[in-house]
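What follows is a short report on a single structure.
Any read-out appearing in this document is the output of simple, stated calculations on the displayed coordinates, not a laboratory observation. The model shown is predicted, which means the values in this text are computed figures rather than measured ones. So basically every Cβ, Gly included, is an ideal-geometry build from the backbone, and we count neighbours across all protein chains shown.
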Amino acid sequence: MLFRDLVSVYERLDATSSRLEMTDILASFFRTAETSALRKAIYLTQGQLYPDFYQQKLGMADKLLIRTLSFVTGTREEKISEVQLKEGDLGSVAEKLYQGKRQTTLFSEPLTLDRVYSALERASSSEGGGSQDSKMKMLAEVLHDATPVEAKYISRIVTGKMRLGVAAMTMIDALSVAFATKEERDAVERAFNITSDMGLVGEVLSRSGLEGVKSIHVQVGNPIRVMLAERMSSPAEILEKMGGNCAFEYKYDGVRVQAHIKDGVVTLYSRRLEDLTSQFPDVVKALKESFTVGSAIVEGECVPVDLNTGEFLPFQEVSHRRGRKHGLEEAMEEYPVRICLFDLLYLDGQDMTEVTYLKRRAALTEAFRITDAAKLSEMRMLQSEEEVQKFFLEALRDGCEGLMAKSIGPDSFYRAGNRGFLWIKYKKEYRSEMNDTVDLVVVGAFAGRGKRKGVYGALLMATYNEQEDRFETVSKLGSGFDDAALAEIPKRLEQYRVQDKHHLVSSNMQADFWFEPGLVLEVRGAEITVSPIHTAAYGKVRKDGGLAIRFPRWTGKIRDDKGPREATRSDELLSMYRSQLKQIE
Ligand code: AMP
């Protein structure tokens, strides 16, 4: 294929913003294009060389392109930069430069698609010392033979600014019109959703038509576009929609990961199909340990845990793991990440996306060994509102966002790339953001683990209920302590040590150590939620729950100026909760 044929398609696409028109332009191009060229043409139209999920990106710096254009056209770099300032888009700048200069000698031999693609491919993969020069050389070679309009698009492609505005759905429409019928579009879309590779789908369609596309299956190495959930705001509504019976899982608050496992090699993809493998070596290790034979694709949520409180942490706490190479070891030790697996999409040659939910779940349970670092999502089959509410509160207590209801019907397949009512999320409405600190009383402590072995790992904190003269628990506090504090606080607490729970303390938790209410610490929390386990303001918001402060962190201040009865009161916390109640997003 000549590159200019593709470029004339780009010119027409660039001139319209109508999706229908784009579909027509692309469809007639696809129909006439040679099969062997289609894949490359599709990637380039998307401004890429490969499918989205490939790590290798083009993104050449403007500066390098300017140098190359200067070299090819003989215009000074400063001059090109000046025009760029006015024009903005380097593609148009290149086109103008070509129009104005040595036009007759510039292009000698018509460029083919293969030649352009291969030059770009080589340029994008050259790395290391001298790579800038060799990138420039490879690019100059094709730019030398380019027409003005070809130079425009090559410039846009290499700088990652193609922006023709062709959405994936438009591309699928066009492929369906060109090679199938309207009714068969679903099969084309599904092929894309399970492979995330438009080039592959186009090539197969062009070569073997719809039958070919139908034989495309899930495979390890091609991330599957994720299934998404609708939202509903009450268990009654959800149960009704689900026909009175469905599975409920904890909705973990972390990072979704799709793991591809084959021959002991694990690759992790994000919800947006970026490769996350290098960021979660601990998850890779955990999955290798819990899945030892064959090949699989699984989905789960990665959540950091605080070893000392056993609670999940918000991902912001460990966000510095993302993209950092140095110190990853320490970060892993400090904030181990657990993966909670919730779906199985492929197992040993079988495409599990076409299997119903309960069968997938059973196969997942069978195929993976549960360990500390790789668990299955908590799941229960529930039929009544009361059961759902109870499970919901348990999920909140355990640091989750709420529940995910999942259909167990005969059509409960994994709908790659789709949002629908087969999954329904039920998120906490009982959440209130805290923007103030509170002063809490230490009433108990838990033995430390990991680095905190031998000292207290976390403290059990309480608010004061003035009416009943009781101390009611709200939180396990484990963050904000440096080494000095870890040594100091136990000393300060020694005088309050008692054998059993103090009679003024109301707690449903069994601490390892108990204290008479005495020491007051200033604490900053992220939010106040309803909790079935903590006793502060119990029964005030819900009949079967109290209030809890989530993600508490010691500010470093011991409130020696306050006695325990001057600590934050339970009713104060209740009014904070009410005044800041965050409605459902
Ligand atoms: P949202 O981001 O609020 O639309 O909720 C959907 C997200 O919840 C998914 O993309 C997952 O990352 C996450 N999630 C947490 N737990 C589960 C679960 N048990 N099943 C499915 N998704 C879950």
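Just to be sure I understand the model, the point goes 7 Å from the Cα along the line to the Cβ. What's the resulting R163 to F421 distance in nm?
So the two model labels end up 4.0 nm from each other.
At a Förster radius of 30 Å, what calculated FRET efficiency corresponds to the Cβ-Cβ distance of R31 and K262, to the nearest 0.05?
My answer for the efficiency is 0.25.
Take every Cα-Cα pair in the range 437-579 and report what % of them are more than 26 Å apart.
Tail of P(r) above 26 Å: 15 percent of Cα pairs.
So between L228 and E121, what do we pick up on full extension, going 0.36 nm a residue minus the alpha carbon distance?
Working it through step by step, the gained length comes to 35.1 nm.
How many percent of all Cα-Cα pairs in the range 228-431 sit more than 23 Å apart? Walk me through the numbers before you get to the answer.
Numbers: 9242 of 20706 pairs.
That fraction is 45 percent.
Can you give the calculated 222 nm mean residue ellipticity of the chain, where each DSSP H run of n ≥ 4 adds -39,500 (n - 2.57) and the sum is split over every residue, rounded to the nearest 500 deg cm²/dmol? Walk me through the numbers on the way to the answer.
On the way: 20 runs with 223 residues, N = 585.
Only helices count here, giving -11500 deg cm²/dmol.
Calculated FRET efficiency, T356 and E466, Cβ-Cβ r, R0 45 Å, to nearest 0.05? Numbers along the way, then the final one.
Working: r = 55 Å, r/R0 = 1.21.
Computed FRET efficiency for T356 and E466 comes out at 0.25.
Going down the list K451/K476; K262/K288; K453/K557, which pairs span over 21 Å between their C-alpha atoms? The partial results should precede the final answer.
On the way: K451/K476 18 Å; K262/K288 10 Å; K453/K557 23 Å.
Result: K453/K557 exceed 21 Å.
So, with +1 on the Cβ of K and R and -1 on the Cβ of D and E, and no other charges, what is the size of the charge dipole of the chain about its Cα centre, to the nearest 20 debye?
Once rounded to the nearest 20, the dipole reads 720 debye.
Once both labels are modelled 7 Å past Cα along the beta-carbon direction, what's the Q99-K557 spacing in nm?
For Q99 paired with K557, the spin-label model returns 6.7 nm.
Given H placed 1.01 Å from N in the peptide plane, which residues other than close sequence neighbours of A447 have an amide H under 5 Å from its amide H?
So A447 has HN proximity to G457, D512.
Once R0 is set to 60 Å, what does the formula 1/(1 + (r/R0)^6) return for the Cβ-Cβ distance between A140 and R492, expressed as a FRET efficiency to the nearest 0.05?
0.25
With an 8 Å cut-off on Cα pairs and a minimum separation of 6 or more residues, tell me the relative contact order of the chain in percent.
Reported as a whole number, the value is 12 percent.
Which of the lysines could a cross-linker bridge to K543, judged by Cα under 17 Å and excluding same-chain residues fewer than eight apart?
Answer for K543, where 17 Å is the Cα cut-off: K390, K428, listed by chain and number.
Mind checking Rg over Rh on the chain, alpha carbons, Kirkwood formula for Rh?
When Rh is taken as the Kirkwood radius, the ratio is 1.08.
Any chance you could tell me what percent of the C-alpha pair distances in the range 1-66 go past 19 Å?
Working: 909 of 2145 pairs.
Considering the range 1-66, 42 percent of its Cα-Cα pairs are separated by more than 19 Å.
Distance check, please: which entries in K57/K375; K96/K135; K251/K491; K161/K375; K137/K161 exceed 31 angstrom between their Cα atoms?
Values: K57/K375 34 Å; K96/K135 23 Å; K251/K491 40 Å; K161/K375 42 Å; K137/K161 21 Å.
As for pairs spanning more than 31 Å Cα to Cα, those are K57/K375; K251/K491; K161/K375.
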